[in-house]
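These notes are about the structure you will find just below.
The values are calculated or read from the model by the stated rules, or taken from the named source; none is laboratory data. What you are looking at is a predicted structure, and each value in this text was computed from that prediction instead of being measured. In this analysis, Cβ positions are derived from the backbone assuming ideal geometry, glycine residues included, and neighbour counts consider all displayed protein chains.
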């Protein structure tokens, strides 16, 4: 995995400085665009969920150069998300809303280089999480049926 670590770290520092409640804004965007996603968070209060996402993002940023940590941690996180009702389609929703939030908060600092770095990083994160969920659910072909054209975790390029 070859990510633009300096661009990711520098831009994350900028957005966190500008919006310490970045994850609050992320959930506002997610629920505005995908209101049916709100039901997945019934057990968790908004602030508790926001804090968990903040810690997860910071941990990923801290471990960008540790591929084995990322694979193990994000794979386990993906496995847990199966139990919350998360489907592969929802990773696209989250990526769309996360990138929109980062772009909004970063403002002029959201350059094509930064956008590309975050798009690639989120693709890698989602791929590792979906690999963890696939371990629990079995291969995508066993879940989707023989005529499905939906793309599985193997279609995400890292």
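Would you mind finding the one in 53, 30, 8, 57 that is at pLDDT below 95 and either in a helix (DSSP H, G or I) or under 14 Å from the mean Cα position of the chain (by Cα) (or both)?
53
Take the conditions within 26 Å of residue 2 (Cβ to Cβ), crowded, with 18+ Cβ neighbours inside 10 Å, out of contact with any helix residue (DSSP H, G or I) (no Cβ under 6 Å at 6 or more places or on another chain) and at pLDDT 95 or above and apply them to residue 94. Does it pass?
yes
Being free of Cβ contacts under 8 Å to residues at least 40 places away in the same chain, exposed (fewer than 15 other Cβ atoms within 10 Å of the Cβ) and not in a helix (DSSP H, G or I) narrows it down to one residue among 20, 47; which is it?
20
Considering only residues that are closer than 20 Å to residue 114 by Cα and touching a helix residue (DSSP H, G or I) at 6+ places or on another chain (Cβ under 6 Å), which ones fall in the stretch 17-28?
18, 19, 22, 23, 25, 26 - these are the residues of the stretch 17-28 that are closer than 20 Å to residue 114 by Cα and touching a helix residue (DSSP H, G or I) at 6+ places or on another chain (Cβ under 6 Å).
Could we say that residue 38 is farther than 22 Å from residue 128 by Cα, touching a helix residue (DSSP H, G or I) at 6+ places or on another chain (Cβ under 8 Å), modelled with pLDDT under 95 and surrounded by fewer than 14 Cβ atoms within 10 Å (Cβ to Cβ) here?
In short, yes.
Report yes if some residue within the stretch 84-104 is within 17 Å of residue 10 (Cβ to Cβ) and over 14 Å from the mean Cα position of the chain (by Cα); otherwise report no.
yes
Go through the stretch 73-87 residue by residue and tally those that are in a helix (DSSP H, G or I) and either exposed (fewer than 15 other Cβ atoms within 10 Å of the Cβ) or at pLDDT below 90 (or both).
The qualifying residues number 4.
Output the residue which, of all residues in the stretch 55-72 that are over 20 Å from residue 16 (Cβ atoms) and out of contact with any helix residue (DSSP H, G or I) (no Cβ under 7 Å at 6 or more places or on another chain), is surrounded by the fewest Cβ atoms within 10 Å (Cβ to Cβ).
68
Would you confirm whether or not the stretch 69-88 contains a residue that is farther than 25 Å from residue 7 by Cα and touching a residue at least 60 places away in the same chain (Cβ under 8 Å)?
Within the stretch 69-88, one or more residues are farther than 25 Å from residue 7 by Cα and touching a residue at least 60 places away in the same chain (Cβ under 8 Å).
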